[in-house]
Amino acid sequence: MKHLAAIAVAFFLAPVSANRCLASENLAVGAGSAEQPQGGPVKVTGVIYTKRGTYGDFGWMRLQSEFDDAFFVFNDNFEQFSQHLQQPSSSTGEGCEAGGGNATIRPWQCEMPPRAGGIPTGIKGGGYTSLTAEVKNTIDHAIEAIKSSVDRFHFKRIFYSSCRKNVDQNCTLDDDLGTSIYQPSESVRAYIVNRLKSLDATP
């Protein structure tokens, strides 16, 4: 694990632009699989989980044909996010294991085409407490990986977990990021949501 952490830290300290080729190569595993037809503009939407089997439950949504064009974003931890980037084709590694909260869909990112992608919200069991340059760079890498999958396979919609402002715990912003296990700071949540919304290409 120490070796993995050292690799991951070195990877994320590099500028995003220098690693775009690596991300693209990682996501190209399985080339030759049928890609979806060319889609239109991408819409980014935050959805609130209320109960199983309804809108907001990613597992249920994926089973509905109306969401065949959707890509789902889950809250990841730095360690398993790094593991997946280092070994994107390993379906048995930690980067493909189901986690708690909305990270139950983590295995979806190991399918071809991938139906999900993670954004780290914390490390070593705790949420990011401040938006440092390193944290921003990590989030930027996650956004680049998500964009690569969405562009390559022509997904039309991106869904992320949101929450009820000033009602749910750790939810203080409009369209805030829904969190449960990790509790990242407001500045981190705001940055993640803003970066996700930057992928919205609808008129």
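Data table
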{"item": "Of all residues making up segment 111-155, the number that are of a type in the set (Val, Ile, Thr) and in a loop (DSSP other than H, G, I, E, B)", "result": "3"}
{"item": "Scan of segment 108-156 for residues that are basic (Lys, Arg) and closer than 14 Å to Gln80 by Cα, ordered by number", "result": "Lys124"}
{"item": "Residue within segment 46-66 that is modelled with pLDDT of 95 or more, assigned to a strand (DSSP E or B) and under 13 Å from the mean Cα position of the chain (by Cα) present", "result": "yes"}
{"item": "Odd one out for Gly117, checked against (1) farther than 19 Å from Val135 by Cβ; (2) of a type in the set (Gly, Ala, Ser); (3) buried (at least 22 other Cβ atoms within 10 Å of the Cβ)", "result": "(1)"}
{"item": "Tally of residues being assigned to a loop (DSSP other than H, G, I, E, B) and either within 15 Å of the chain's Cα centre (by Cα) or under 24 Å from Glu66 (Cβ atoms) (or both) across segment 185-203", "result": "6"}
{"item": "Failed item in (1) in contact with a Pro (Cβ under 7 Å, 6 or more places away or on another chain); (2) buried (at least 23 other Cβ atoms within 10 Å of the Cβ), with Ala201 passing the rest", "result": "(2)"}
{"item": "Candidate set: segment 94-110, residues that are free of Cβ contacts under 8 Å to residues at least 24 places away in the same chain and not in a loop (DSSP other than H, G, I, E, B); chosen: the one surrounded by the most Cβ atoms within 10 Å (Cβ to Cβ)", "result": "Gly95"}
{"item": "Residue pairs meeting the criteria (Cβ under 6 Å; at least 6 apart or on separate chains; first under 15 Å from Thr121 (Cα atoms), in segment 168-179; second small (Gly, Ala, Ser) and at pLDDT 95 or above)", "result": "Gly178/Ser161; Gly178/Ser162"}
{"item": "Filtered residues of segment 72-93 (kept if within 22 Å of Asn137 (Cα to Cα) and either at pLDDT below 95 or in a helix (DSSP H, G or I) (or both))", "result": "Phe78, Glu79, Gln80, Phe81, Ser82, Gln83, His84, Leu85, Gln86, Gln87, Pro88"}
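The values are calculated or read from the model by the stated rules, or taken from the named source; none is laboratory data. Values in this document were obtained by computation on a predicted structure and should not be read as measured data. When we count neighbours, we look across all protein chains shown, and the Cβ atoms used for this are built from the backbone with ideal geometry, even at glycine.
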